[in-house]
Amino acid sequence: MTAKSIMFQGTASDSGKSWMVAALCRFLAQKGESVVPFKSQNMALNSYITADGQEMGRAQVFQAEAAGILPDVRMNPILLKPSTDSDSQVVVNGKVIADMSAAEYQDFKPQLRDDITKIYNSLADEYDDVILEGAGSPAEINLNDRDLVNMGMADIADSPVILVADIDKGGVFASIYGTIKLLPKRHQKRIKGIIINKFRGDVSLLTSGNDMIEALTGVPVLGVMPYSNVQIDDEDSVALTRKNKVMDVSKDLDIVVVVLPKISNFTDFNSLAMHPDVSVRYATNPNELGTPDLVIIPGSKNTNEDLAFLKKTKFDTAIEALHSRGTFVFGVCGGYQILGKKLIDSNEVESDIEEQAGLNLLPVTTYYEDTKTTNQSKAKIGDFDVDGYEIHMGKTILDEGVKPLAHIYETNGNLADHMDGAISSDRKVYGTYLHGIFDNPEWTRKYLNSIRQSKGLGPLTNVVGSLKDFKETQYDELAKEFVENVDVDQILKIMSDSGKGE
């Protein structure tokens, strides 16, 4: 094992650890070093399918993109996908192994330590640098005896730690001090620096506070990162609280995404906002729907429970009323299932709701199965080639005569030949299992133009650039902000000393 390493841990979830990892990955890649991100355990409903059909967290995907390498499931060997408030689907090395309660998983974790160690060592043998990310906070004192993702992982990798604190939440110095002082002395020694993140205003006002926290903890503040306008995929659903709820009236098209309690892969809709005529906003209750041109029902980790939520809150009747007035409706994955006539889960694969009527906007029926579909797919929609990925339980059957949306001709690099999705007879309701469908700009432009036409607007012919190219500019900008605001030389020195003991 020869790689240098450093680990970013946070004072809380959504403190900015993922972005710091991506920034340093990009900076090191720009220097010509081979660098890989690593997060041993991730809890998120935003996931991704690799080229060989393995499931992993999206944060390590954008970190890999920043590093200039392809996503590899070893970058995130454990993924926890919450299905209820107390249970999660446990994905290990890209495949589902079980559904477990929090207590069951806590008991199971020690069995994973050897696997994580081997996987980490394999990456450390292949790359110059491994940039690790923790999860939540290392000061979860009730969980630390079996920790595999924060200081437990730092011990495995013998890695120094940088603590990332979110000043936007308030109480930044208390969170820094409390996090450090709740740790045992041996883990306090691993923390070599602090980065204060999401600062707005005059940074000189922090100088005295930084000096005091350094004196109190003995740990230097290595930088203050500004609240950034860089556009990178969010992983944590906490980020949904920052999503726009108000239409940009300068845009022609008003698109609203329904925020489900178990929403997954909400990053599917980021690329829509790149189109010059589109305003994307998010609705947490039916009163926020307004009169949009398009309503999107996103993916869900527990589709039946989220469908029950739509009915309880009257989202269902509000969406049906909008559709009857001519609003377009689009469902992705779980959202596609919700738009159908019925969801049948006889074996209680996903929940204890064995059968439930859908919104009946598409003439399709979904049957849940034990096997989880995880595919990277290529498909044809009319004359357009599109890419996407599938992550779902269940199979959806179309009524006779219903037109499918897409013909999938490749999955995970192998030839395929099956249909996906459905289109209503009035062509106002679409459904698909393909996550990332809106990342295909040519097809998306055609679809958006059909909505424009329904409003009496002419088509736009300018197709936005590729999402990949846009992301490249954003990773460069993030690395630039990192270098300008953080003592990168000190971080490199800390990394050069990694593996030499605490």
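Structure notes:
- Annotation note: Cβ proximity below 6 Å between a residue of segment 325-339 that is closer than 22 Å to residue 45 by Cβ and a residue that is among the hydroxyl-bearing types (Ser, Thr, Tyr) and in a loop (DSSP other than H, G, I, E, B) (sequence gap 6+ or interchain) occurs for 333/433.
- All of 326, 340, 299, 335 fail the test of being farther than 24 Å from residue 465 by Cα, surrounded by fewer than 18 Cβ atoms within 10 Å (Cβ to Cβ) and small (Gly, Ala, Ser), apart from 326.
- Filter result for residue 380 (modelled with pLDDT of 95 or more, part of a strand (DSSP E or B), surrounded by fewer than 17 Cβ atoms within 10 Å (Cβ to Cβ) and not aromatic (Phe, Trp, Tyr)): yes
- Scan of segment 299-316 for residues that are more than 15 Å from residue 433 (Cα to Cα), in contact (Cβ under 8 Å) with a residue 24 or more places away in the chain and out of contact with any Lys or Arg (no Cβ under 7 Å at 6 or more places or on another chain), ordered by number: 304, 307, 308, 309, 310, 313, 314, 315, 316
So that you can scan it fast, the table gives a plain yes or no per residue for (1) farther than 22 Å from residue 262 by Cβ; (2) in contact with a Leu (Cβ under 7 Å, 6 or more places away or on another chain); (3) crowded, with 23+ Cβ neighbours inside 10 Å:
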| position | (1), (2), (3) |
| --- | --- |
| 15 | yes, no, yes |
| 21 | yes, no, yes |
| 33 | yes, no, no |
| 50 | yes, no, no |
| 61 | no, no, yes |
| 94 | no, no, no |
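- Any hit, segment 438-447, residues being in contact with a Leu (Cβ under 8 Å, 6 or more places away or on another chain), outside any loop (DSSP other than H, G, I, E, B) and farther than 30 Å from residue 384 by Cβ: no
- Selection count, segment 417-456, where residues are under 20 Å from residue 375 (Cα atoms) and touching a residue at least 40 places away in the same chain (Cβ under 8 Å): 13
- Where a residue in segment 197-213 is part of a helix (DSSP H, G or I) and its partner, wherever it lies, is not hydrophobic (A, V, I, L, M, F, W, C), with Cβ under 9 Å and at least six apart: 203/226; 203/485; 210/220; 213/177
- When segment 65-87 is filtered for residues that are in contact with a strand residue (DSSP E or B) (Cβ under 6 Å, 6 or more places away or on another chain) and either surrounded by fewer than 22 Cβ atoms within 10 Å (Cβ to Cβ) or hydrophobic (A, V, I, L, M, F, W, C) (or both), the ones remaining, listed by number, are 67, 73, 75, 78, 79, 80, 82, 83, 86, 87.
- Single unsatisfied condition, residue 371 versus (1) at pLDDT 95 or above; (2) part of a strand (DSSP E or B); (3) of a type in the set (Val, Ile, Thr); (4) more than 21 Å from the chain's Cα centre (by Cα): (1)
- Against the conditions (1) part of a loop (DSSP other than H, G, I, E, B); (2) surrounded by fewer than 18 Cβ atoms within 10 Å (Cβ to Cβ); (3) in contact with a strand residue (DSSP E or B) (Cβ under 7 Å, 6 or more places away or on another chain), residue 353 satisfies every one except (3).
- Scanning segment 459-500 for residues that are basic (Lys, Arg), surrounded by 14 or more Cβ atoms within 10 Å (Cβ to Cβ) and within 20 Å of the chain's Cα centre (by Cα) turns up just one, 471.
- Number of the exception - residue 157 against (1) of a type outside the set (Phe, Trp, Tyr); (2) closer than 29 Å to residue 64 by Cβ; (3) surrounded by fewer than 19 Cβ atoms within 10 Å (Cβ to Cβ); (4) assigned by TED's automatic domain parsing to the domain that holds residue 63: (3)
- The listed residues are 47, 101, 86, and the only one of them that is in contact (Cβ under 8 Å) with a residue 24 or more places away in the chain and among the polar types (S, T, N, Q) turns out to be 47.
- Flag for residue 332 being touching a helix residue (DSSP H, G or I) at 6+ places or on another chain (Cβ under 7 Å), in the same structural domain as residue 436 (by TED's automatic domain parsing), at pLDDT 95 or above and under 22 Å from residue 398 (Cα atoms): yes
- A count restricted to segment 334-346 and to residues that are touching a Phe, Trp or Tyr at 6+ places or on another chain (Cβ under 7 Å) and part of a loop (DSSP other than H, G, I, E, B) stands at 1.
- At least 2 residues being in contact with a Phe, Trp or Tyr (Cβ under 6 Å, 6 or more places away or on another chain) is the threshold, and among the strands (runs of 3 or more DSSP E) wholly inside segment 74-141 those reaching it are 129-133.
- Matching residues in segment 415-437 - criterion: being closer than 15 Å to residue 323 by Cβ and assigned to a strand (DSSP E or B): 422, 423, 429, 430, 431
- Residue pairs meeting the criteria (Cβ under 9 Å; at least 6 apart or on separate chains; first more than 14 Å from residue 111 (Cα to Cα) and surrounded by fewer than 18 Cβ atoms within 10 Å (Cβ to Cβ), in segment 139-154; second of a type in the set (D, E, K, R) and modelled with pLDDT of 90 or more): 140/147
The values are calculated or read from the model by the stated rules, or taken from the named source; none is laboratory data. Everything numeric here is computed off the predicted structure, so don't read it as measured data. Cβ coordinates were reconstructed from backbone atoms using ideal geometry, including for glycine residues, and neighbour counts include every protein chain displayed.
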